[in-house]
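**Q** Pasting a structure below so you can have a look.
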Amino acid sequence: MVTFLSGGTGTPKLLSGADAVFEPRETTVVGNTGDDVELGGHLVCPDVDTVLYLRGGRLDRELWWGIADDSATTHEELVSLADSAGLEPGPRYLDDDRQTAGREIARWRRFSGVGEFMHIGDADRAVHLTRTSLIDEGHTLTEATRTLADAFGLTVDLLPMSDDPVATIVHTAEGPMHFQEFWVARGGEPTIESVEFRGAGDASATPAVLDALSDPVVIGPSNPITSLGPMLALDGVADALAETPVVAVSPFVEDTVFSGPADDLLEAEGYEASTAGVDEAYPFADAFVLDEDDGTDLDRPVVRTDTRMDDEEDATRVARAVADALEAVE
Ligand code: GDP
């Protein structure tokens, strides 16, 4: 048995070629939910959905989010209707008192659907609508995710990190904003001052997640702050990781990040923007997989390979390095 911790890019890439190394039916994937939003009343879980669509064979691999060849009629109508109605387009973050009213899992992440600031395809929206409706019928996010995973034919067990709301809020020079507003609407431009996981103090990892964390854990290349941070902010997760073998793949080659805002976010939180900074952010890691061009000296076992993953063959190579590193520490 093995458990992967996943954001929306690096670990899904690794999972795209992991089956040759890790038996899917013995694999659990825990998805970050700090990036989730409620948009126009529908709960969107970007990290969980990327794994769902990837493993269900339907991911748009150009964008690395959404469903391949999806139409976007509803999205386009929403944008054009807002325009005709003279409504300012999104992101329209709801007022403070509306953030915590009603459906609990949507707290601190509620955006109006007017003008829709995220591009949501029609088939993608059907997933969000089904998920939200199952939650409104009384199911947990874990149960709704399992139902969707069955519908998409997943062979791995896909779990959201929590059934409670945790919202990644980025405090910037232009004020606090939800991570999706910072990244999707503002292109990561505002200067980051700090990151808050709103709600994490009252949220719990699910029993299924805590159980999965008793197996060896793989942290694929991830944003340590916005993908792993929300998980680590949940009571018991860091302790569970300290007790089990953990192998992490660096999202850097020394101080060069492959993609995304991990460098700025690490620096804002007081870490070096490099493999050494990731090592410091993961005190529970027992071994690392680093790129063959990454000479960072770590005081734990390191397996080196070419860690750039452009296709399944690359992902299988990195997965083999992960298995070698696990073997060294199990
Ligand atoms: P999210 O999309 O914000 O949820 O991002 P993730 O938490 O999945 O993290 C993406 C991280 O993966 C970034 O920091 C990238 O540097 C890293 N990354 C992206 N592609 C690759 C790759 O091919 N190889 C490696 N080693 N890292 C990658």
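The values are calculated or read from the model by the stated rules, or taken from the named source; none is laboratory data. Keep in mind it's a predicted model, so treat the numbers as computed, not measured. We place every Cβ from the backbone using ideal geometry, glycine too, and count neighbours over all the protein chains shown. When the accessible area is computed, the model is the full protein with side chains, heavy atoms only, and any ligands, DNA or RNA have been set aside. Shrake-Rupley method; radii C 1.70, N 1.55, O 1.52, S 1.80 Å.
**Q** Only one residue in 200, 212 is more than 15 Å from the ligand (Cβ to nearest atom) and touching a strand residue (DSSP E or B) at 6+ places or on another chain (Cβ under 7 Å), so which one is that?
**A** Values: 200 fails: touching a strand residue (DSSP E or B) at 6+ places or on another chain (Cβ under 7 Å).
The conditions single out 212.
**Q** Exactly one of (1) modelled with pLDDT of 95 or more; (2) under 26 Å from residue 200 (Cβ atoms) is unmet by residue 90. Its number?
**A** For residue 90, the exception is condition (1).
**Q** Touching a helix residue (DSSP H, G or I) at 6+ places or on another chain (Cβ under 7 Å) and open to solvent by less than 10 Å² (accessible area, probe 1.4 Å): does that describe residue 114? Give the derivation first.
**A** Values: touching a helix residue (DSSP H, G or I) at 6+ places or on another chain (Cβ under 7 Å): yes; open to solvent by less than 10 Å² (accessible area, probe 1.4 Å): no.
Taking the combined requirement at face value, the residue does not satisfy it.
**Q** Find the residue count for region 92-134, including only residues that are among the polar types (S, T, N, Q) and more than 21 Å from the chain's Cα centre (by Cα).
**A** Filtering region 92-134 for residues among the polar types (S, T, N, Q) gives 99-100, 112, 130, 132-133.
Narrowing further to those that are more than 21 Å from the chain's Cα centre (by Cα): 99-100, 112, 133.
Qualifying residue count for the region: 4.
**Q** Counting just the residues of region 119-140 that are touching a residue at least 40 places away in the same chain (Cβ under 8 Å) and of a type in the set (Asp, Glu), which one comes out most open to solvent (accessible area, probe 1.4 Å)?
**A** Across region 119-140, the extreme among qualifying residues is 122.
**Q** What are the residue pairs meeting all of these: first residue in region 254-272, first residue among the acidic types (Asp, Glu) and modelled with pLDDT of 95 or more, second residue assigned to a strand (DSSP E or B) and more than 12 Å from the ligand (Cβ to nearest atom), Cβ atoms under 9 Å, and 6 or more apart or on different chains?
**A** Short answer, once both residue conditions are applied: 264/192; 267/192; 269/192; 269/194; 269/195.
**Q** Out of all the residues in region 12-38, which are basic (Lys, Arg) and more than 19 Å from residue 248 (Cα to Cα)? Explain how you work it out, then say what you get.
**A** Just the residues of region 12-38 that are basic (Lys, Arg), to begin with: 13, 25.
Correct list: 25 only.
**Q** Kindly state which strands (runs of 3 or more DSSP E) lie completely within region 1-41 and contain at least 3 residues that are away from the ligand (no atom under 12 Å from the Cβ) and over 14 Å from residue 158 (Cβ atoms).
**A** Numbers: elements: 2-6, 27-31, 37-39.
Hits in region 1-41: 37-39.
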